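Below is one structure, written out as structure tokens, with a few remarks after it.
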Amino acid sequence: FFSFEALELEPDMGERGSRNPLLPGGVSRYSRSKMFARRASYKKRKTVPAPEKKPESRFVSKPMRGSKNGTTRNIPVRSTPKMYPTEDVRPKLKNRKANKPTRLRKSIQPGTVLILLANAHRGKRVVF
């Protein structure tokens, strides 16, 4: 049996107690995903608009020393990559197949009794 007294720890539960009580053995009663739903965190998430970015220049002007080197030089902010992939990556082909609606037999109308042929309900009769 698990207890906080044995570990000499004080649980931080506030006045009303924990939303996720501990079971014997120190295991939480609810999983992470269940607690996410219980806390309703998905409802409390705020979306903050991103601040507008001003267009960054690709080069930075740096002063140069020495009489023969000129006064300034434009140096790129991002250097070119040191290594390129050895093989070209093929672009994915676009899927040109359109989803077509399912076509049923003309004899199947609402109210027709059908017999299922697949999955766990095989052999069961259903009303369409």
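Worth pointing out:
- Test for Y42: is it within 30 Å of R19 (Cα to Cα), out of contact with any strand residue (DSSP E or B) (no Cβ under 7 Å at 6 or more places or on another chain) and modelled with pLDDT under 90: yes
- All positions within segment 25-38 that are part of a loop (DSSP other than H, G, I, E, B), exposed (fewer than 12 other Cβ atoms within 10 Å of the Cβ) and at pLDDT 85 or above: S31
- When segment 53-79 is filtered for residues that are at pLDDT below 85 and charged (D, E, K, R), the ones remaining, listed by number, are K53, K54, E56.
- Some residue of segment 93-105 being part of a loop (DSSP other than H, G, I, E, B) and surrounded by 10 or more Cβ atoms within 10 Å (Cβ to Cβ): yes
- Note on segment 46-67: among residues that are assigned to a loop (DSSP other than H, G, I, E, B) and among the hydrophobic types (A, V, I, L, M, F, W, C), the one that is surrounded by the most Cβ atoms within 10 Å (Cβ to Cβ) is M64.
- Selection count where residues are open to solvent by less than 90 Å² (accessible area, probe 1.4 Å), at pLDDT below 55 and assigned to a loop (DSSP other than H, G, I, E, B), scope segment 2-24: 1
The values are calculated or read from the model by the stated rules, or taken from the named source; none is laboratory data. Keep in mind it's a predicted model, so treat the numbers as computed, not measured. We place every Cβ from the backbone using ideal geometry, glycine too, and count neighbours over all the protein chains shown. With ligands, DNA and RNA removed, areas are computed over all heavy atoms of the protein, side chains included. Shrake-Rupley method; radii C 1.70, N 1.55, O 1.52, S 1.80 Å.
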